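Nothing in this text is a laboratory measurement; each read-out follows from the coordinates by a stated rule. On a predicted model such as this, the values are computed, not experimentally measured, just so you know. Cβ coordinates were reconstructed from backbone atoms using ideal geometry, including for glycine residues, and neighbour counts include every protein chain displayed.
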Amino acid sequence: MDYFQGVLTDYLRADRAMFVNTECCIQLSPGTNPDRTGHHWYCDAIAVNFRTTEIFLCEVSYEKSLSALVTRLNSWSEYWPQLKVALVRDCKLPLDWPVCPWLFVPHDLRSTLEQKLNKLSNPGFDNVKMPTPKLTELEDILPWKYKSWNRIEEDANEDTYPPKIIV
């Protein structure tokens, strides 16, 4: 694990409704040894948000060319339906929850990544193809930018969050 994967994990876990599995193996074909079963990837983090009932495949990159990240996204896109089946089978994630890549890159690489994402091959029908990845700049997940004990989602409305609990 590199340094920013730890920063990412701390950021995700600061939202108490988010549960994180780091370096999670996504293995298309079942088996005891992923190296012998075909396509598989170690995802930097799988984050499951119980508040919004969403699953995120989180990847961090600060490589200037972003080639490894784009290669991974192309592979995920090619095998998206099987990848989702593997998450349900091996991670016991709910079948009906949406799955989306969530990419974390430096501000200086964001526009480069957006251009590369526009060229990404994404075969399949709308209901089975990989959704457009969510993008967050690494500078926005630095620990002094959020409350470490209760990070609320960036798009949450302060007036309605947290929900009022009546006892």
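A compact table of results
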item	result
Label-point gap, in nm, between Ser65 and Arg110 - each point 7 angstrom along Cα→Cβ	2.5 nm
³J(HN,Hα), Karplus 6.51/-1.76/1.60, whole Hz, each residue of segment 67-83, x for Gly, Pro	5, 5, 5, 5, 4, 4, 5, 4, 5, 4, 4, 5, 10, 3, x, 5, 4
Sequence ranges 85-92, 96-103, 139-146, ranked by mean other-Cβ count within 10 angstrom, highest first	96-103, 85-92, 139-146
Residues Leu135 and Asp10, FRET efficiency given R0 of 25 Å [Cβ-Cβ distance, rounded to 0.05]	0.85
Long pairs among Lys64/Lys129; Lys64/Lys116; Lys92/Lys145; Lys84/Lys147; Lys92/Lys116, criterion Cα-Cα beyond 22 Å	Lys64/Lys129; Lys92/Lys145; Lys84/Lys147; Lys92/Lys116
Lys, Arg +1 and Asp, Glu -1 on Cβ, resulting dipole of segment 3-145 about Cα centre, debye, nearest 20	240 debye
Cα-derived Rg to Rh of segment 62-141, Kirkwood definition	1.00
Computed over segment 1-139: relative contact order in percent, which uses C-alpha pairs under 8 Å that are six or more apart	21 percent
Net +/- balance of residues flanking Phe104 in space, Cβ distance below 9 Å, scoring K and R +1, D and E -1	-4
Kirkwood hydrodynamic radius (C-alpha pairs) into Stokes-Einstein, segment 3-145, 20 °C and 1.002 mPa s, D in µm²/s	137 µm²/s
Considering only segment 3-145, percent of DSSP beta bridges that pair antiparallel, nearest 5	60 percent
Options Leu66, Pro98, Ile141, ranked by Cα towards positive dipole end of the chain, top entry (Cβ charges)	Pro98
Shape category assigned to segment 14-76 from the gyration tensor of Cα positions, a/c cut at 1.5	oblate
